[in-house]
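Q: I am attaching a structure below and will ask some questions about it afterwards.
The values are calculated or read from the model by the stated rules, or taken from the named source; none is laboratory data. The shown structure was predicted, so the numbers you read here are calculated from the model rather than taken from an experiment. Cβ placement follows ideal geometry from the backbone for every residue including glycine, while neighbour counts extend to all protein chains displayed. Calculation scope for accessible area: heavy atoms of the full protein, side chains included, ligands and nucleic acids excluded. Shrake-Rupley method; radii C 1.70, N 1.55, O 1.52, S 1.80 Å.
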Amino acid sequence: MEVSNLLQAYAQGQIDFRQQNLPQSNFSGVNLFGINFSHTNLKGANFTFASLNQANFNYSHCQQTQFRGADLKQASFYQTNLGESDLHGALLQGANLTESILTLANLVDSNLMETHLAGVDFGEADLSGACLLGAVFQDASTRHPTQLKKAILQGTDLEGLSLKGVDLSEATLVEANAVNACFQTADLEGANLYQANLFATNFRNANLKRANLRNANLEQADLTGADLKEADLRGACLHQAQLFQVICNGANLSQVNLHQGKMREAQCQGTDFSQAHLSETNLRQANLAEANFSNANLNDADLRDANLNQTNWTNVKLDRVRF
Amino acid sequence: MASNANCFAYDLESEQEVIMSKKLLFAVCRDYWENDQDTLCAIQTSELLTELHQSQRSLNEISCHLYQIVNGLNKREKYYPVAKKLIWKLSDELYDSQIKSLQDQVSSCETQQSPMNAPSTHHPLILEIAKIFEQDDNAQRIHKMLFALSQKCWENNPDIFTKYSLEELIPQVRYAHPTLERLSINLLKIIKGLNKQGIYTQVAQTIIRQFSKLYEQKNDLYKLRSFVKFSQESDSKSTQTIPLAQSSKEPRKYYLNYNPYQLRQQIIHNRNPLRVKSLLFYVLHPEYEMEKQEENNFLIQSDELDDMLLQLFQKFTTVQELQSQLESTALRFAAIYPNILNVEDSLDIVQAIVASMKPIYHSQ
């Protein structure tokens, strides 16, 4: 079907253009409110600044499609392939992207407020500066968890969002704002959370192996059962954080502030706590074998029943410690 | 460049402090501290220098980074002269075009930098700021904030944070934050994690107001991109706009009274971010011809929305001026590109920007 014929038909009131073959078509700046493009091949098409509010793209092929600055409010992209598409600055508020593919897509500065993102594959997509307020990542009916593997979320606002079970492995969350967010059971292996604000964030049973959490604010965060093996937490603030049964064998926690932290039954074999502030920290029954506490402050800490085999205590402060 | 790096490396290798220099170079290139001799020996100094040069960082940025690293070391008093020498060598061999600005930087560091445990006398300006902080109603909170900025951890116990005097913390914080922007970002991050955010926002404003005296380079005004609103503290009765370039010596006021995430949310709620950015681009850069929108697209997309919003504050000193400029640009844009932005939508964007920013202007 020719674009001119389609536009003419639309102007006459037709909105159903399902199962069309329209690759590389140019619809830039056109108003196609409510159009039905489901099951349509739109690969490489150009919708720059087009008005597509409430449009239906379900099951369509939109790889490498240009949606820069497009209005896509409440549009539907269920199971749509949007791989490598350009959605820079697009308005997607309230859109349904459930189970769509957005690998390598450009979503910089896009409006993703109140979107439905369950089961979406954002692998290596760039979401820098995107606004995700009120976005939903979970839906019991989706077949796969949301994938944000290697995605770029630098400076992105994730405050209060639930990203439970989401794959964020190797994702970039530098300076992201995730206060009160939930990453329970999420996969953050190798993720970069440098200087992220993670105040009171839930990381219960999350995989944070080899993650970069340097200088992150984890005050009052819940890391119960999280796996922090070989993670880098240098200079992080873990004041009053919950680290019950956390696994941080081989992790670097030098210079962290763990004042009043709760690390009971933690696995800390070979962990570097040098220069860390651990006063009033509960380390009962923790495995601290081969851990390095040189120049650390452990005043008033609780070390009862902890495994202290071959622990390095050079210049450590141990006033009123309970052994 | 390669030959320069080799000569420089050779020169460094002949120095006694070769390992210390190499550790510093390694840290500034790789962003972590390496003590393992095998790892250090495995890499040539010339390789590190080439890497440093290819990073395209300015000498100013490198020197600030170096001092930041040194400040975090136990043996900082020993590393400080090595770092200083390293910067001079870099300036001579690799960055000769930037020598002049470096001289200013080093001289400034010499007068204001006071590494802990190093024999030093404090700069009068630092003493003055410390005195102002001590006399402030929120003196202890200021001390806590400066401690958090310097030591990267929050400390409520006065016995611990007062071990670091204000005269020590002020220069440490100054050199850990090469720009006021960076300082403001880190202040805001700390505040967001605290319960008494209102009080600590006031504390942050006090810190920024005083620290602005330590950042008196004009360029900092232009580098200021996020979180901070500034204006000239000029004659309050005068409504005349003072161009930034003329006012670098004026004392400045800084504001930390808004959340950039919230500002962005308010403006783009139910609106198209790229349309907002297009409009902002022509307000901020009237030198670009609107008729060449296709050519300007790349530039528009390379700017971040957050940065553009802050630039608006930098450009317009009153909300009336901001509104007037936004409206005239919006109407002109809508006339040329009605299919991208019609009059109704463009005025809706203007209204949203003005409504979101008005409280910030009014709080001045």
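Q: Out of the stretch A:158-172, which residues are away from chain B (no Cβ under 14 Å) and either in a loop (DSSP other than H, G, I, E, B) or among the polar types (S, T, N, Q) (or both)?
A: Matches in the stretch A:158-172: A:Ser162, A:Leu163, A:Lys164, A:Gly165, A:Val166, A:Leu168, A:Ser169, A:Glu170, A:Ala171, A:Thr172.
Q: Any chance you could count how many residues in the stretch A:124-134 are open to solvent by 10 Å² or more (accessible area, probe 1.4 Å) and away from every other protein chain (no Cβ under 12 Å)?
A: Adding up the residues that qualify gives 1.
Q: Taking only the stretch A:86-123 into account, find how many residues are within 10 Å of chain B (Cβ to nearest Cβ), assigned to a loop (DSSP other than H, G, I, E, B) and in contact with a Phe, Trp or Tyr (Cβ under 7 Å, 6 or more places away or on another chain).
A: 2
Q: So, one more: Hey, A:Gly190 hits all of (1) more than 28 Å from B:Asn156 (Cα to Cα); (2) open to solvent by 30 Å² or more (accessible area, probe 1.4 Å) but one; which does it fall short on?
A: Going through (1) more than 28 Å from B:Asn156 (Cα to Cα); (2) open to solvent by 30 Å² or more (accessible area, probe 1.4 Å) one by one, A:Gly190 breaks only (2).
Residues are listed down the side, and each one gets a yes or a no for (1) of a type outside the set (Asp, Glu); (2) modelled with pLDDT of 90 or more:
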{"position": "A:Lys149", "(1), (2)": "yes, no"}
{"position": "A:Glu175", "(1), (2)": "no, no"}
{"position": "A:Gln184", "(1), (2)": "yes, yes"}
{"position": "A:Asn192", "(1), (2)": "yes, yes"}
{"position": "A:Asn207", "(1), (2)": "yes, yes"}
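Q: Also, quick follow-up: Could you tell me whether any residue of the stretch A:234-246 is more than 14 Å from every other protein chain (Cβ to nearest Cβ), aromatic (Phe, Trp, Tyr) and open to solvent by 10 Å² or more (accessible area, probe 1.4 Å)?
A: yes
Q: Return the only residue of A:Lys164, A:Lys149, A:Lys209 being among the charged types (D, E, K, R), touching a Leu at 6+ places or on another chain (Cβ under 8 Å) and within 22 Å of A:Ala130 (Cα to Cα).
A: Residue meeting the stated conditions: A:Lys149.
Q: When you go through A:Leu253, A:Leu258, A:Leu213, A:Leu228 one by one, which is the residue that is more than 10 Å from chain B (Cβ to nearest Cβ) and either closer than 26 Å to B:Pro260 by Cβ or modelled with pLDDT under 95 (or both)? I'd like the intermediate steps shown before the answer.
A: Values: A:Leu253 fails: either closer than 26 Å to B:Pro260 by Cβ or modelled with pLDDT under 95 (or both); A:Leu258 fails: more than 10 Å from chain B (Cβ to nearest Cβ); A:Leu228 fails: either closer than 26 Å to B:Pro260 by Cβ or modelled with pLDDT under 95 (or both).
The match here is A:Leu213.
Q: Quick check: is even one residue across the stretch A:148-166 of a type in the set (Asp, Glu) and open to solvent by 70 Å² or more (accessible area, probe 1.4 Å)? It would help to see each step written out before you state the result.
A: Step one: list which residues in the stretch A:148-166 are of a type in the set (Asp, Glu), which gives A:157, A:159.
Filter once more, so that each one left must be open to solvent by 70 Å² or more (accessible area, probe 1.4 Å): A:159.
Yes: the stretch A:148-166 contains one or more residues that are of a type in the set (Asp, Glu) and open to solvent by 70 Å² or more (accessible area, probe 1.4 Å).
Q: Further question: Out of the residues in the stretch B:312-323 that are at pLDDT 85 or above, buried (at least 16 other Cβ atoms within 10 Å of the Cβ) and polar (S, T, N, Q), which is farthest from B:Met357 (Cα to Cα)?
A: B:Thr317
Q: Mind checking whether some residue in the stretch A:134-141 is outside any loop (DSSP other than H, G, I, E, B), of a type in the set (A, V, I, L, M, F, W, C) and at pLDDT 95 or above?
A: As a first pass, look at the stretch A:134-141 and keep what is outside any loop (DSSP other than H, G, I, E, B): A:136.
Those still in the list that are of a type in the set (A, V, I, L, M, F, W, C) too: A:136.
Checking the rest, the ones that are also at pLDDT 95 or above come to none.
Within the stretch A:134-141 (the criterion being outside any loop (DSSP other than H, G, I, E, B), of a type in the set (A, V, I, L, M, F, W, C) and at pLDDT 95 or above), the answer is no, since none of the residues qualifies.
Q: Restricting to the stretch B:126-144, give me the number of residues that are crowded, with 17+ Cβ neighbours inside 10 Å and either without any contact (Cβ under 8 Å) to a residue 24 or more places away in the chain or touching a Leu at 6+ places or on another chain (Cβ under 7 Å) (or both).
A: The total comes to 4.
Q: I'd like to verify a number: residues in the stretch B:4-36 that are at pLDDT 75 or above, open to solvent by 10 Å² or more (accessible area, probe 1.4 Å) and part of a helix (DSSP H, G or I), how many?
A: The total comes to 7.
Q: Kindly check whether there is at least one residue in the stretch B:332-339 that is under 31 Å from the mean Cα position of the chain (by Cα) and among the hydrophobic types (A, V, I, L, M, F, W, C).
A: Scanning the stretch B:332-339 turns up no residue that is under 31 Å from the mean Cα position of the chain (by Cα) and among the hydrophobic types (A, V, I, L, M, F, W, C).
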